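S.K.: First the structure, which I've put down as structure tokens, then a few questions once you've had a look.
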Amino acid sequence: LSRIDQLTENQKTTLKMASVVGRVFTLHSIMGVNRTMDEQRVAGDLDQLGKLELTPLERMEPERTHVFKHGVTQEVAYESLPYETRAKLHRDIGHLIERSGMETSEEMLDLLAYHFDRSNDEERKRHYLLKAGESAQSRYANDAAINYYRKVLPLLTTENRIRSEEHTSELQSHSDL
């Protein structure tokens, strides 16, 4: 926290935006979340954050990608954001992934479920948690499917909830084997 406190306000903003994206993030993802930020300024902030070894450059190609050197740094930056701000940013990241057109891949479904689960967009939260649960179930990743179904249960109508509870019970019995 003391290292983050020593940063400029712009660097703090960049770091906080990146913390919502995830441990690994791109310049493009930060710009997609907050289009009002100046790309050159953000790139300069990332250069400085890299020199300070907070978010070193991982690779330049095919896209400039940085990584939080320590998970604690990401966690502290993330927790310093108000809940409503985090929820909005998670929603915006989900929309950015949707616009990429890759939401049918398993990895993107997991990311969409992750980000919308932390947003206030109940419709998309429900949609992507169910889709990710179904995807995990089809891959026999029963523990992951159970986790998704448990998260989505409170968001479902009574009829959908009964079907989801049946899936969860069935998967749980398979996992116990």
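S.K.: Below 8 Å between Cα atoms, with a sequence gap of 6+, how large is the relative contact order for the chain in percent?
M.R.: Computed value for the chain: 15 percent relative contact order.
S.K.: If I compute solvent accessible area with a 1.4 Å probe over the protein chains, what percent of it on region 1-114 is carbon and sulfur?
M.R.: 52
S.K.: Number of Lys pairs in the chain with C-alpha atoms less than 29 angstrom apart, excluding same-chain neighbours closer than eight positions?
M.R.: 17
S.K.: In Å², and per residue, what accessible area does the chain have when probed at 1.4 Å with the other protein chains present?
M.R.: With all protein chains present, the chain gives 56 Å² per residue.
S.K.: Which order do THR157, THR36 take by accessible area at a 1.4 Å probe, largest first?
M.R.: I get THR36, THR157, largest accessible area first.
S.K.: Sticking with this one: Two decimals, Cα atoms only, Kirkwood Rh: what is Rg/Rh over region 7-164?
M.R.: My calculation puts Rg/Rh at 1.02.
S.K.: Can you tally the net charge around VAL67? Count Lys and Arg as +1, Asp and Glu as -1, for every other residue whose Cβ sits under 12 Å from the Cβ of VAL67.
M.R.: Value of the local net charge: +2.
S.K.: Now, a different point. Treat every Asp and Glu Cβ in the chain as -1 and every Lys and Arg Cβ as +1, leave all other atoms uncharged, and give the resulting dipole magnitude about the Cα centre to the nearest 20 debye.
M.R.: Roughly 320 debye for the chain.
S.K.: Angle, helix 106-117 long axis vs. longest principal axis of the chain, Cα atoms, 0 to 90°, nearest 10?
M.R.: Orientation of helix 106-117: about 80 degrees from the principal axis.
S.K.: Also: The chain: longest stretch without exposed trypsin sites (Lys or Arg not before Pro) (DSSP loop, at most 12 other Cβ within 10 Å), sites themselves excluded?
M.R.: Result for the longest clean stretch: 36-138.
The values are calculated or read from the model by the stated rules, or taken from the named source; none is laboratory data. Everything numeric here is computed off the predicted structure, so don't read it as measured data. No Cβ is skipped: glycine too gets one built from the backbone with ideal geometry, and neighbour counts run over all protein chains shown. These accessible areas exclude ligands, DNA and RNA; they are computed on the full protein's heavy atoms, side chains included. Shrake-Rupley method; radii C 1.70, N 1.55, O 1.52, S 1.80 Å.
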